[in-house]
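Take a look at the structure set out below.
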Amino acid sequence: MKKYLVYIALLFVASSCVTAPNEALQEMDDEAVAVINEVALSLSAKPDGLVSSLYDATGSLSPSGMDAGESSFKVSVDMPGQKPGPPNRGEDKNVQITVDYRTGVHTLTFDRELTDTAVTKTLSAVYKYVYEDNNGRHLFFPRRNQDRIGNISFVGFKNGIVQGPKHRTGFQRTDSLSFTGFGRDKGAIQVRGNTYSQGYFNYNAVENTLVRTYKAEYQFEDLQINRPSVENRNLTTALSGSITFKTTSMRTNGADTLKTKFEGKVEFNGDGTALIRLRGYSEPYLINLNEGNFYEPEHRGR
């Protein structure tokens, strides 16, 4: 039990923003908790998470770069309320954008840095966009033709490092997503595609160094985005439907090495949370998509 609690503490330090699991989670084994932690962060609005990628994929693209706080398509004139925009995602630097007028591919590259208390997160990204109208014709000037966008194809590659006082993590992520339904006045926007991610976690302790590596695959077959939330740039409360995932990992702690595989499903609730279900475990756990926290559903809000 002591070794397990130490490992949970290390996960808390590494994520810098993850709520420590409550006591009920301690009945699960170490690797199941670690997988829940990885999935929660991988789906969140943090710079390396799914919601962050959705902001980038549907943000307004212009010659000066991408504005994640503005929708890529025309906002309804009578849309009420203020646009909250994406959460703090750091500062983009070294922004470059090119357009291939033969293929319709817009390529955006940039570096991003975010400092949160004692943790610094840096990443580099290469994004490729293809904008089409409802008839499948390429749109070479998406900001100028916001009212004509019907579909978006998005491929995003990100790699980065998180550096803390005693830990260092690295990640790579590739999102291949297609968005349909922008051209409709009503209804949800459909998202299809997949995400592949991998990374490592090193923690330097007095006795030894904890090293963890992982690979994960996410399949998007029934994911929907509420249209008004896309327009108002509040994507954490916009998602419904579900995705499936598979993960493999290896953990080395001193002379001990453990390899594991997990499969599961994530169900989005449309209120900024999602339920994660691991195969082989009867109870789901709730993810806060904004922060990447996770807890049992009955402990929500405590």
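Worth pointing out:
- Simple rule: put +1 on each Lys or Arg Cβ and -1 on each Asp or Glu Cβ in segment 143-276, find the dipole, and look at Gln172, Thr213, Thr237; the Cα lying farthest toward the positive end is Gln172.
- Per-residue packing, averaged as other Cβ atoms within 10 Å, sorts the ranges 137-147, 236-246 into the order 236-246, 137-147, beginning with the highest.
- Total lysine pairs whose alpha carbons fall under 28 Å of each other in segment 94-250 (8 or more apart, or interchain): 13
- When the Cα convex hull of segment 97-183 is projected onto planes of every orientation, the mean area is 6.8 nm².
- Where labels lie 7 Å past Cα in the beta-carbon direction, separation of Thr248 and Lys215 in nm: 0.5 nm
- With the Kirkwood sum run over all distinct C-alpha pairs, segment 209-268 has a hydrodynamic radius of 13.9 Å.
- The 3J(HN,Hα) values that the Karplus relation (6.51, -1.76, 1.60; θ = phi - 60°) gives for segment 97-104 are, in residue order, 9, 9, 10, 9, 6, 8, 9, x Hz. Gly and Pro appear as x.
- Long-range HN-HN contacts of Ser44 with modeled amide H, under 5 Å: Leu50, Val51
- Net charge of neighbours whose Cβ lies under 12 Å from the Cβ of Gln198, counting Lys and Arg as +1 and Asp and Glu as -1: +1
- One decimal place: the segment Asp100-Ser282 gains 60.6 nm when fully extended, by the rule 0.36 nm per residue minus the C-alpha distance.
Just so you know, all these numbers are worked out from the coordinates, no wet-lab data involved. Fair warning: this is a prediction, and the values are worked out from it, not measured in the lab. All Cβ positions, even for glycine, are placed from backbone atoms using ideal geometry, and neighbour counts span all protein chains on display.
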